[in-house]
1. Take the alpha carbon atoms of the chain, find their radius of gyration, then divide it by 2.2 N^0.38 Å using N residues; give the quotient.
2. Give the residue list of trypsin sites (Lys or Arg not before Pro) in segment 76-175 that are DSSP loop and have at most 14 other beta-carbon atoms within 10 angstrom.
3. Quick check: net charge around R61, other residues with Cβ under 15 Å of its Cβ, Lys/Arg +1 and Asp/Glu -1?
4. Given the pairs K167/K247; K120/K448; K97/K120; K120/K167; K247/K448, which span a C-alpha to C-alpha distance of over 20 angstrom in this model?
5. Taking N as the number of residues in segment 236-350, what value does Rg over Cα atoms divided by 2.2 N^0.38 Å take?
6. Does segment 318-477 come out rounded, prolate or oblate by the C-alpha gyration tensor, with a ≥ b ≥ c the root eigenvalues, rounded set by a/c under 1.5 and, if not, prolate when a/b is larger than b/c and oblate if not?
7. Could you give the distance between the Cα centres of segment 162-203 and segment 391-438, to the whole Å?
8. Compute the distance in nm between two label points, each set 7 Å from the Cα along the Cα-to-Cβ direction, one at M350 and one at D390.
Amino acid sequence: MRVSQIVGRTPSSADRRPRRSTGRRPGLVTSSLKRSCLLLIAASLLPAAALDNRYPVDWAREEAETLEYFTTLLRVDTTNPPGNETRAAQAIEAILKREGIPVQLFALEPGRANLVARLKGDGSRRPLLLLGHTDVVGVQRERWNFDPFAAIRKNGLIYARGANDDKDHVVADMMVLLELKRRHVKLDRDVILLAEAGEEGTPRVGIDYLVNQYWPEIEAEFALAEGGSILEENGRVHHSLITVSEKVPRGIRLIAHGPSGHGSRPIPENAVAHLAAAVARAASWQTPIRLNDATRAYFERLSAISPPRDAARYRAVLDPARAPEVDRYFYDHEPGHYTLLRTSVVPTIMQAGFRTNVIPSQAEAYLDVRALPDEDMTRFLAELRRVINDPAVEVMLAQTGGRPAAPPSRTDNALFRALEDVTRRMFGAPTIPGMLAGATDCAQLRSKGVECYGFGPIAGSEGPLGGAHSDDENISVNSLNKLVEFLWDTVIEVAAE
Ligand SMILES: [Zn+2]
């Protein structure tokens, strides 16, 4: 899952205002609590790079190695189902072991191993977890112009299923771990790599299994995962979106019941007709608008870097009196923002009938409901029943359990400040915290108290062609290198002594 498709839009550069300073001096915004006052004073007199570049890596020179591992991973077909993530885990294991990094594999099912590797720090601070998933969604091969598991490189792009979701994170995590080891970076917290199975719909074998059975192996203060993206516009980075929260999938089933009969005889109790009416009412229901800390911060910060008309709208949405009007606009023009304001209801499946001349006694629909993290689903179901207003239609949760809801991760801690610093230093651009409309394994980690952040590679403002889950999925070599560099700088800032 990745957010770049979900964000509404980015402002055009035409009337972009000059960026205001945040008032904090980069040299002072460092994470280590242990750094002495003397060092702070010294650092404040130096350019930021002097402090932040303690472990410089020329990632362009590391490109060949990054691409070698990336290609290796992409060529392992880990389509889920069935997954076969063990093959990817073994490939990673071989690389890490060669360099003396200890590795553990945890598998609920033999073919579906998760890999955990840990570099020890001095223990003065709690661990940092870097996670990426090795499984990928399936492909419709006939719709691809490239073999989806050959990792073809063409015009600076690498085409493969998983290139964008999520083997880019996996390889970035690996490269960072390898370089930390090679450079003997002294860490004041453990850095843990987790290459996990089953993110695409089967967390049972992945994050749920690890959280329930092997929690001490991955327990951390902070986690960095998929979810965000770096939004580029006209060749310049506009801002980095870091996801600090996400909506919760809570699918709902509608089942209409009625008598069966002959297609030549109309009856008012026709289940197909009742279902169709119920779906139409559910789809047109404007669910209540509700902002939370993450979305409020998102619109506030976005308004500060948007052209005047957009900025006015993003400010207006924060005002309860004016929000409904903006909501209407979002519905028509910015669906990625419309969904952030509410628990959303989207019909995705209808199943009814089997013969043209038979009225079936039952018809079913599925509503893809994405709940705000604090939604009371019992109340929501009651509201939906009221909206549908038809005793012939049952309304129920499609499944129990699923991803847990959790409060947003904080934006006032060392990790978020590191993300802001690195974005400013690498791209001269601001960082915006946001809520993901989709779902990731950060949900399980946040519910265990881990501050989890979604970051991601550079994406164009028009939305990436060949983004996550699409045909001809791809990533640019430059974007991949930048992702590794971004992660490296962040890890150094929060974990290096
Ligand atoms: Zn993903």
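Each reported figure results from applying straightforward, stated rules to the coordinates on display, with no laboratory input. None of the values given here were measured: they were computed from a predicted structure. With ideal geometry, Cβ positions are generated from the backbone for all residues, glycine too; neighbour counts draw on all protein chains shown.
1. Details: Rg = 24.1 Å, N = 497, 2.2 N^0.38 = 23.3 Å.
This ratio for the chain stands at 1.04.
2. Values: sites: R87, K97, R98, R112, R118, K120, R125, R141, R143, R153, K154, R161, K167; in loops: R112, K120, R125, R161.
Counting only loop positions with at most 14 other Cβ atoms within 10 Å, the trypsin sites (Lys or Arg not before Pro) in segment 76-175 are K120.
3. Working: positive: R182, R183, K482; negative: D58, E62, E63, E65, E68, E179, E485.
With Lys, Arg at +1 and Asp, Glu at -1, the net is -4.
4. Numbers: K167/K247 23 Å; K120/K448 22 Å; K97/K120 15 Å; K120/K167 24 Å; K247/K448 17 Å.
Cα-Cα > 20 Å for K167/K247; K120/K448; K120/K167; rest within.
5. Details: Rg = 19.8 Å, N = 115, 2.2 N^0.38 = 13.4 Å.
Compared with the compact-globule rule of thumb, segment 236-350 sits at 1.48.
6. Details: a/c = 2.02, a/b = 1.73, b/c = 1.17.
Since a/c reaches 1.5 and a/b is larger than b/c, the shape of segment 318-477 is classed as prolate.
7. 20
8. Taking the two extended label points, one gets 0.9 nm.
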